[in-house]
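K.L.:
Here it is, the structure in full.
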Amino acid sequence: MRVALFVTCLVDQFRPSIAEATVEILEKSGCTVEFDARQTCCGQPAFNAGHHREATPVCRRAIDILDRQLDDGCEAIVTPSGSCAAMFRHAVDLLEGDDAVRAAQVAASTNELSRFLVRRLERTDLGASWNGRVTWHDACHGLREFGIHDEPRILLEHVSGLDLVESRTADRCCGFGGTFSVKQPRISAAMCDDKLDDIEGLGVDAVASSEVSCLMQIEGRLESRGSHVRGIHLAELLASREPERIP
């Protein structure tokens with residue numbers, strides 16, 4: 001299967017290892033991955049802040065580039081971010097005329113990574129290994145707009161050496177919310193600390209998520225608390241090949 005990778009701005013600028021891991025996983029699963037280096041932002045930050053006029057040309061450019069890849073034979077679009085995938089759904093109402101038609105095609109073809117692996121490719125065991133205790137954070141867009149819940153957990157349960165520990169705050173917002181964390185920093189930090197109070201009590205080595213923006217928020221608060229817990233993206237875990245610990 002030929003797939004177009006939408007890498008996302010934050011992954012590109014702050015955590016390119018996630019993009020590399022995503023490509024590795026998809027290729028291991030039998031996909032041919034194509035990446036158009038002209039892609040930029042999907043328009044989500046401006047859109048979520050209420051600046052729809054400013055978001056429109058940014059979103060239109062992303063739609064045009066991905067739509068061309070579909071026309072050129074890509075069978076799906078895959079992104080390691082539920083929030084960017086959700087933005088393409090909103091683009092159908094944001095844009096007009098032929099642009100809205102193209103947006104609908106892109107939205108229908110866009111898949112968040114974990115759902116694509118489990119539901120589309122029917123892959124659950126990627127031969128990954130990671131030694132340690134991990135808890136999962138359900139990113140808001142993936143959980144609430146796509147209903148993604150079981151897929152990442154299924155994948156993590158097949159990672160050798162990984163002990164998945166559920167947190168009672170797994171489905172609570174981390175407080176990032178794009179520009180919300182900038183406009184309301186104290187509320188944002190308090191929301192994240194509410195999650196971390198529970199997570200740090202679980203005795204885990206890492207908190208994992210499929211959203212790099214959430215991880216940036218969580219890791220920042222963990223560092224400020226002097227915590228040993230680290231943040232890690234699902235793609236990085238699925239591409240990991242840690243040797244088994246010697247008892």
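The values are calculated or read from the model by the stated rules, or taken from the named source; none is laboratory data. All figures in this text were calculated on a predicted structure; none of them were measured in a lab. Here the Cβ is made from the backbone with ideal geometry for all residues, glycine too, and neighbour counts use every protein chain on show.
K.L.:
Going through region 178-212 one residue at a time, which ones are acidic (Asp, Glu) and over 14 Å from ASP138 (Cα atoms)?
P.N.:
Across region 178-212, the qualifying residues are ASP193, ASP194, ASP197, ASP198, GLU200, ASP205.
K.L.:
Pull up region 166-183, narrow it to residues that are of a type in the set (S, T, N, Q) and at pLDDT below 90, then point me to the one that is nearest to MET87 (Cα to Cα).
P.N.:
Of everything passing the filter in region 166-183, THR179 is nearest to MET87 (Cα to Cα).
K.L.:
Next up: Is there a residue being in contact (Cβ under 8 Å) with a residue 60 or more places away in the chain, within 28 Å of GLU242 (Cα to Cα) and surrounded by fewer than 17 Cβ atoms within 10 Å (Cβ to Cβ) anywhere in region 132-142?
P.N.:
Yes, region 132-142 contains at least one residue that is in contact (Cβ under 8 Å) with a residue 60 or more places away in the chain, within 28 Å of GLU242 (Cα to Cα) and surrounded by fewer than 17 Cβ atoms within 10 Å (Cβ to Cβ).
K.L.:
Mind checking which residues of region 8-51 are touching a helix residue (DSSP H, G or I) at 6+ places or on another chain (Cβ under 6 Å) and under 24 Å from LYS183 (Cβ atoms)?
P.N.:
Once the filter is applied, which keeps residues that are touching a helix residue (DSSP H, G or I) at 6+ places or on another chain (Cβ under 6 Å) and under 24 Å from LYS183 (Cβ atoms), region 8-51 yields THR8, LEU10, VAL11, ARG15, CYS41, CYS42, GLY43, GLN44, ALA46, PHE47.
K.L.:
While we're looking at this one, here's another question. Of the residues LEU121, LEU156, LEU117, which single one is aliphatic (A, V, I, L, M), touching a Lys or Arg at 6+ places or on another chain (Cβ under 9 Å) and at pLDDT 95 or above?
P.N.:
On inspection, the qualifying residue turns out to be LEU117.
K.L.:
On to the next question. THR179 passes all but one of (1) loosely packed, with under 15 Cβ neighbours inside 10 Å; (2) closer than 24 Å to PHE14 by Cα; (3) in contact with a Lys or Arg (Cβ under 7 Å, 6 or more places away or on another chain); which number fails?
P.N.:
Every listed condition holds for THR179 apart from (3).
K.L.:
Could you tell me whether ARG186 is among the basic types (Lys, Arg), under 26 Å from PRO45 (Cα atoms) and out of contact with any Leu (no Cβ under 7 Å at 6 or more places or on another chain)?
P.N.:
yes
K.L.:
In addition: Out of the residues in region 198-246 that are out of contact with any strand residue (DSSP E or B) (no Cβ under 7 Å at 6 or more places or on another chain), charged (D, E, K, R) and touching a residue at least 24 places away in the same chain (Cβ under 8 Å), which is farthest from ARG153 (Cα to Cα)?
P.N.:
ARG225
K.L.:
Sticking with this structure for a sec: Hey, does region 178-188 have a residue that's closer than 30 Å to SER29 by Cα, touching a residue at least 60 places away in the same chain (Cβ under 8 Å) and touching a helix residue (DSSP H, G or I) at 6+ places or on another chain (Cβ under 6 Å)?
P.N.:
No.
K.L.:
Pull up region 144-158, narrow it to residues that are over 15 Å from VAL207 (Cβ atoms) and not acidic (Asp, Glu), then point me to the one that is surrounded by the fewest Cβ atoms within 10 Å (Cβ to Cβ).
P.N.:
GLY147
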